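Remarks on the structure that follows.
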Amino acid sequence: MATEVKLPDLGENIESGQVVNVFVLEGETIAADQPMIEIETDKATIEVPSSVGGKVTKVHVKASEKVKVGQVILTVEERAEAPPKEARPEEPPRKEEPAPPKAGEKGPPSPKEEPAPVAPAEKPKMPEPAAAARVGEPIPAAPSVRRLAREIGIDIAKVPGTGPGRRISEEDVKSYSRRVNAEQEAAGPSFAGVRAEKLPDFAKWGAVEREAMSNIRRKTAEHLAYCWATVPHVHQFDKADITDLEAWRKRVSPKVEKAGGKLTITAIALKIVASALKAFPQFNSSVDMESNEIIRKKFISIGVAVDTDRGLLVPVIRDVDRKSLVELSVELTQVSEKARSKKLTLEDMQGRTFTISNLGGIGGTNFTPVVNAPEVAILGIARGAFEPVYDKERGEFKARLMLPLSLGYDHRVIDGADGARFLRWVVEAFEDPLLMIL
Amino acid sequence: MGAGASGHTSRANSRRWGRLREGEERMNKTQVAVIGGGPGGYVAAFRAADLGLQVTLIDLEANPGGVCLYRGCIPSKALLHVAGLLNEAKHAANWGIAFGEPKIDVGKLNAWKKSVVQKMTGGLGELTKRRKIAYVQGRAKFLSPTKLTIVKAAGGVEELEFEHAILATGSRPTVLPSLTLKSPRVLDSTGALELKDVPKNMLVVGGGYIGLELGTVYASLGTKVSVVEMTSGLLPGADRDLVAYLARRLSTLFERIMLDTTVLSLEEVKDGVKVTFKGKEDAESEGVFEKVLISVGRRPNSGDLGLENTKAQVDARGFVGVDLQRRTAEPTIFAIGDIAGEPMLAHKASHEGMVAAEVIAGEKVAFEPHAIPAVVFTDPEIAWCGLTDTQAAKEGREVKVAKFPWGASGRATTLDRNDGLTKLLIDPKTGRVLGVGIVGYGAGELIAEGVLAVEMAALATDLALTIHPHPTLSETMMEAAEAFFGQSPHLWSAKRG
């Protein structure tokens, strides 16, 4: 019996993703729950198993294609009489119809969804024919009225018609347009003077190549542009003397390694920041401008920016304040590995209250990290270096290992003095960790 | 030929271009290259030129016109006018007027038809010149999304760079491999329009509008015409109640109408073509015909255009995919007319051409008609626009159909042509006219009011309250609208009384 295997509901409101890999071939026999494709969603790459086993008669998708939940991925010929050898005898020989698993509350997939296109994936999509765009009632408006609406950028379908048979007159379009404008004005002027600038034709000056953004790149671009545009940023810089801490770190590192983790500056920073967030709860908050409220979070989960070959990913370490330094080191090691091997799930990246970005491994004397909204602050760590530090008591310079830190914060909720205090607190904790348990 | 001065899009530059043609350096660049000079292409070229763009129009013929003017609408309508006259002259016997048997001079008839074509295409050539459109007679092919190569009719090959191209290469008669027989006796619509002679008998393969129109021409000139149609009725797709009137008349004009019948083979024999038929249940049968006209549809001319050198997409049926602006997947290239999808009609192509030209000129427009009229120029004519019964049934949508049979029309009676029907498809909730279908004498002219009604979102009330001149066939529109409300003055409906 031929069964269509569809892209199941992947949870987390994921509606679609881009196929990264197809693991099965036409003609191949697969077992139920065997991975069939790998798809990249907004921030996670997910392996999707087939819901049924049998012989694959058709693969409907290709790498780099976009697939929607409910879309047919494979056609599988299930063999009722010969269950796959992995199948346990007490199991019924034939599995459930692969009707969208867990579709439950979302209802069945929309019938409008077309089967996967068979056209070559690299070719652009065929533009929709005009006829297909018009479904149902033609808009009751004269051609001249329809054209006017298009010219002034009004969707004629949204204009209420006042004429007989709800016919839309020119006046209806104009008054609707006035109303929309008035509403926009009442909502306050939008960013005046900000307009999209057209890209020049680079090809005039030399060869160029265009490449589609990956989902991760696109999401990162959209999100950071939003953060930058909506969060009034202030950056505070400081340096921590970690000469003693570094000696200690080297001494206890083997112990942590035995537990399966690596005691890094980032792991120590996690511990310090968690304590700092307890002391300065406004740094562990979010701002709701619609209700004019500050949302204080009673949990401390810190995101750690990880550089992967697919772009920036930010896995979350949860309840940092309740974990020991060894536990944090182990978890951080695991989660970074997961990020680099594309095993992070969306859940692994959600629910953080603060972010740490450590670029020290690469170098640099400092940088200005962008606040990862809706969080309100981010700690940047650059590369520690030996610097001459003047010792007033002894009247001499000493070589000390100094760690450059930067704090980016949302000035809407955090005042400058608090920013300085927070970073000072962090610096002092790096220099004298015992202060944390004071 | 298309020598451009500048690649800039400003309108001022394009005016300068006219002067530059005389002597200065020729760079073979154009702002808009229109490929195909049919009613889509030439209208697009004219509109683009009128909007200040520098235009090159490329076509195989000496003048614009395309299939419509050279081998389609125009010559066929000239011949159908003659057919109408012959039939009416015969009909006049009913009114006590006898003309006797007509003497038909095929040579003179052809010369007149040719003069009609020449007058129209020559006129278009003149209009092209007046607009300073560079006209290139040749065959164009895309080298890239901005470059064409043109094999010129006069010899030589040249390249032309463009900013935008409008593809309007139209369609050609479908050739079925099973019905291919290299013989002067087997014609397509082009061959039939040449009207080399009036054969004693003829088989028309395909009961669509082209076959029925040309069958009407030949039958009126004296040929015994048989029609074979694969489906269960003539004019597949048209509403059956309209077709019924035509079928009734054609059953007397034509020798034979074979429905549910396929042609298995064609074979050249001594004095004709032997055709083998297969009916629905019947065994095979045969017939010998002096001429066979194959009119089984048309297919878009999308091959051999170099589209593989662009991102434009061609679907399985050969249509080039376009958006509402008629832009293909290649942003510099537009496609209009038959090549851009059904319905393959000249007036659709012209409107698409205007939209494409306006979009290129930077205007915010779209091709989004509510209704594209279709006319079958048989006798009686059949015309419709907007929603049809067939479509409404397919979509399962509720409509009220208001009919006015021409038996009650004074004007139809004076013409002795009561074989007609006007019907309106009306939205039962709003009373809006969603579609119009007409069969009868001059239906092709009458449908324009229907198209306007659908486009303007007119209500049945609007048609009923609009005073129509008496006595005319146009009154049937008004009367049909009145019938929607229960009673029209000239149509007594007992059940409502």
Mind counting the residues in segment B:217-232 that are out of contact with any strand residue (DSSP E or B) (no Cβ under 8 Å at 6 or more places or on another chain) and surrounded by fewer than 20 Cβ atoms within 10 Å (Cβ to Cβ)?
3
Could you tell me which of the residues B:G297, B:G237 is at pLDDT below 95 and touching a Gly at 6+ places or on another chain (Cβ under 7 Å)?
B:G297
I'd like to verify a number: residues in segment B:328-344 that are touching a helix residue (DSSP H, G or I) at 6+ places or on another chain (Cβ under 9 Å), over 13 Å from B:T169 (Cα atoms) and free of Cβ contacts under 8 Å to residues at least 60 places away in the same chain, how many?
1
Do you know which residues across segment B:419-435 are crowded, with 17+ Cβ neighbours inside 10 Å and out of contact with any Leu (no Cβ under 6 Å at 6 or more places or on another chain)?
B:D419, B:G420, B:L421, B:T422, B:K423, B:L424, B:I426, B:T430
Here are the criteria: (1) under 30 Å from B:L253 (Cβ atoms); (2) not in a helix (DSSP H, G or I). Tell me which single one B:G84 does not satisfy.
(2)
Could you say whether any residue in segment A:280-296 is polar (S, T, N, Q), buried (at least 17 other Cβ atoms within 10 Å of the Cβ) and touching a strand residue (DSSP E or B) at 6+ places or on another chain (Cβ under 7 Å)?
yes
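Table: residues versus (1) surrounded by 16 or more Cβ atoms within 10 Å (Cβ to Cβ); (2) over 22 Å from A:W228 (Cα atoms).
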site	(1), (2)
A:V316	yes, no
A:R322	no, yes
A:V326	yes, yes
A:V330	yes, yes
A:G361	no, yes
A:P369	yes, no
A:V376	yes, no
A:G380	yes, no
A:M402	yes, yes
Determine, yes or no, whether A:R179 is free of Cβ contacts under 8 Å to residues at least 60 places away in the same chain, among the charged types (D, E, K, R) and not in a loop (DSSP other than H, G, I, E, B).
yes
Within segment B:336-345, restricting attention to residues that are more than 9 Å from every other protein chain (Cβ to nearest Cβ) and farther than 18 Å from B:L60 by Cβ, which residue is surrounded by the fewest Cβ atoms within 10 Å (Cβ to Cβ)?
B:P343
Output the number of the condition that B:V151 fails; it satisfies all remaining conditions of (1) exposed (fewer than 15 other Cβ atoms within 10 Å of the Cβ); (2) touching a residue at least 24 places away in the same chain (Cβ under 8 Å).
(2)
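Per-residue answers, yes or no, for (1) in contact (Cβ under 8 Å) with a residue 12 or more places away in the chain; (2) under 16 Å from B:A383 (Cβ atoms):
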| residue | (1), (2) |
| --- | --- |
| B:P428 | yes, no |
| B:V439 | yes, yes |
| B:V454 | yes, yes |
| B:L459 | yes, no |
| B:L465 | no, no |
| B:H468 | no, no |
| B:P471 | yes, no |
| B:M477 | yes, yes |
| B:W492 | no, no |
Within segment B:441-452, can you find the residues that are touching a residue at least 60 places away in the same chain (Cβ under 8 Å) and either crowded, with 24+ Cβ neighbours inside 10 Å or farther than 14 Å from B:T472 by Cα (or both)?
B:A443, B:G444, B:I447, B:A448, B:G450, B:V451
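Let's see how each residue does on (1) out of contact with any helix residue (DSSP H, G or I) (no Cβ under 9 Å at 6 or more places or on another chain); (2) on the phi < 0 side of the Ramachandran plot; (3) within 12 Å of another protein chain (Cβ to nearest Cβ):
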position: B:K400; (1), (2), (3): no, yes, no
position: B:T413; (1), (2), (3): no, yes, no
position: B:D416; (1), (2), (3): no, no, no
position: B:G420; (1), (2), (3): no, yes, no
position: B:R432; (1), (2), (3): no, yes, yes
position: B:G437; (1), (2), (3): no, yes, no
Any residue at all in segment B:390-402 that's under 26 Å from the mean Cα position of the chain (by Cα), modelled with pLDDT under 95 and of a type in the set (D, E, K, R)?
yes
On the given criteria, is B:T190 outside any helix (DSSP H, G or I), surrounded by fewer than 18 Cβ atoms within 10 Å (Cβ to Cβ) and of a type outside the set (A, V, I, L, M, F, W, C)?
no
For segment A:146-166, which residues satisfy the criterion of being touching a strand residue (DSSP E or B) at 6+ places or on another chain (Cβ under 7 Å) and facing chain B (nearest Cβ under 9 Å)?
A:G161, A:P164, A:G165
State all residues of segment A:384-423 that are assigned to a loop (DSSP other than H, G, I, E, B), farther than 30 Å from A:E222 by Cβ and either modelled with pLDDT of 95 or more or touching a strand residue (DSSP E or B) at 6+ places or on another chain (Cβ under 7 Å) (or both); if no residue qualifies, say none.
A:G384
Take A:G54 and decide whether it is under 17 Å from the mean Cα position of the chain (by Cα), crowded, with 18+ Cβ neighbours inside 10 Å and among the small types (G, A, S).
no
Please indicate, with yes or no, whether at least one residue in segment B:299-310 is under 24 Å from B:R185 (Cα atoms) and of a type outside the set (D, E).
yes
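Conditions (1) assigned by TED's automatic domain parsing to the domain that holds A:Y409; (2) at positive phi; (3) of a type in the set (A, V, I, L, M); (4) not in a strand (DSSP E or B), marked per residue:
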{"residue": "A:S286", "(1), (2), (3), (4)": "yes, no, no, no"}
{"residue": "A:F299", "(1), (2), (3), (4)": "yes, no, no, yes"}
{"residue": "A:T333", "(1), (2), (3), (4)": "yes, no, no, yes"}
{"residue": "A:A339", "(1), (2), (3), (4)": "yes, no, yes, yes"}
{"residue": "A:G363", "(1), (2), (3), (4)": "yes, yes, no, yes"}
How many residues are outside any strand (DSSP E or B), over 19 Å from B:A140 (Cα atoms) and more than 9 Å from chain A (Cβ to nearest Cβ) if we restrict to segment B:298-324?
2
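The values are calculated or read from the model by the stated rules, or taken from the named source; none is laboratory data. The model shown is predicted, which means the values in this text are computed figures rather than measured ones. Reconstructed Cβ throughout: ideal geometry from the backbone, glycine too, with neighbour counts over all protein chains shown.
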